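The structure under discussion appears below in the form of structure tokens.
Nothing in this text is a laboratory measurement; each read-out follows from the coordinates by a stated rule. Since we're looking at a predicted model, the values are computed, not measured. Using ideal geometry, Cβ is built from the backbone for each residue, glycine included, and neighbour counts are taken over all protein chains shown.
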Amino acid sequence: MTIKSHIQCVLWMGIFLTGCTNTQSNLNSTLWIQTSSEYKAHAIETYNSAKKSLQQALKDKKWTATLEQQNKSYASLPPAIIVDIDETVLDNSPYAAQLLKDGTSYTYSTWDEWVMLKSAKSVPGSVDFINHAKNLGIEIIYITNRNCQPRPNDNAICPQKRDTIANLLQIGIKDIQETNVLLQDEKPKWTSEKKSRREAIALKYRILMLFGNDLGDFLPYVRTHITPEKRDALVQTYATYWGEKWFMLSAPTYGSWMDILKDPKSNYLKGYRKSN
């Protein structure tokens, strides 16, 4: 294997399997997002399905989508929807595609360069749904794991927030308030675990729906130190939430689903022949 081909076998997030399996997998995942009609249909279907539940969610004062409001008083609070941003509203597949073209892997500096460009397009169906919900008087809250970090020669306290809002406006979302965009590390307890940010929003709004591409966008403590089997069990526990209160978008290129798998990840593959 040449040095170049070895570099090309690095997965986007720096996780290895054998040979070039990872590169091929991430190539296929990125191509699926960028070229397949099936991906676009799935995203539009997800947002269209959510539209059908909006009126019921608004009228039913007992309706809440977040576990952080269970056993608490929320009926009199104004309605809101919580959405993740990356791969839920903004499509970052050009970043993944460029890494594949360059034969490199994820670094924070290249990711921040991409955020700075403010050129991500929308996930199909997302802008129409968000603007529709806003027209019904529903507040949209964005909880994202984009980092809030200083940049050289930039006086902004959180330049990523400024750039993210500009990108959201650029794709056609209307009237975004800075206080409705909650970044990772923006406050001391706002880690990649989104529970603390959902709790903060749950004090102000009745949460009608959650949108995301990672199980951690819906449930606490599922991003690390948990098995795939336990995550599957949680999905079944909250089976009635999916498609009514919780809406999952596809993100096959990265996520906590991959982070929890121990190396070598090829051990998780299940074939149809018995091993010798």
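Here are the numbers for this structure:
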| quantity | calculated |
| --- | --- |
| Neighbour-limited loop hits for chymotrypsin sites (Phe, Trp or Tyr not before Pro), region 141-238 (at most 15 other Cβ within 10 Å; DSSP other than H, G, I, E, B) | Tyr221, Tyr238 |
| 3J(HN,Hα) from dihedral phi, region 149-162, Karplus parametrisation 6.51/-1.76/1.60, rounded to Hz, x for glycine, proline | 9, x, 10, x, 6, 10, 7, 5, 5, 9, x, 5, 5, 4 |
| 10 Å-binned pair-distance histogram of region 21-100 (Cα, whole percent) | 14, 34, 24, 18, 10, 0 |
| Descending semi-axes in Å of region 101-248, equivalent ellipsoid built from Cα gyration tensor | 26, 21, 16 |
| Sequence-distant aspartates and glutamates (8 or more away, or on other chains) whose Cα lies within less than 12 Å of Lys195 | Glu68, Asp217 |
| Nearest-0.05 FRET efficiency for Arg151 and Lys51, computed from C-beta distance (R0 35 Å) | 0.40 |
| For Lys121, distant residues with modelled amide H under 5 Å away | Asp91 |
| Cα-centre dipole for region 180-276 with unit charges at Cβ (Lys and Arg positive, Asp and Glu negative), debye to 20 | 180 debye |
| Reachable aspartates and glutamates, given that their alpha-carbon falls under 18 Å from the alpha-carbon of Lys59 and they are not under 8 places away in the same chain | Glu139, Glu244 |
| Members of Lys72/Lys174; Lys61/Lys161; Lys134/Lys230; Lys230/Lys265; Lys40/Lys62; Lys51/Lys118 lying beyond 24 Å, as alpha-carbon distances in this model show | Lys72/Lys174; Lys61/Lys161; Lys134/Lys230; Lys40/Lys62; Lys51/Lys118 |
| Net charge dipole size for the chain [Lys, Arg +1 and Asp, Glu -1 on Cβ; Debye, nearest 20] | 580 debye |
| Fluctuation leader among Asp259, Asp84, Asp232 - the chain, Gaussian network, Cα springs under 10 angstrom | Asp232 |
| Descending Cα extents along the principal axes, region 195-276, whole Å | 58, 23, 22 |
| Of Ala156, Trp114, Ser250, farthest towards positive along the dipole that unit charges on Lys, Arg, Asp, Glu beta carbons give the chain | Ser250 |
| Debye intensity ratio in log₁₀ form over the Cα atoms of region 70-179, taken at each q of 0.11, 0.14, 0.20, 0.22 Å⁻¹ | -0.42, -0.65, -1.10, -1.25 |
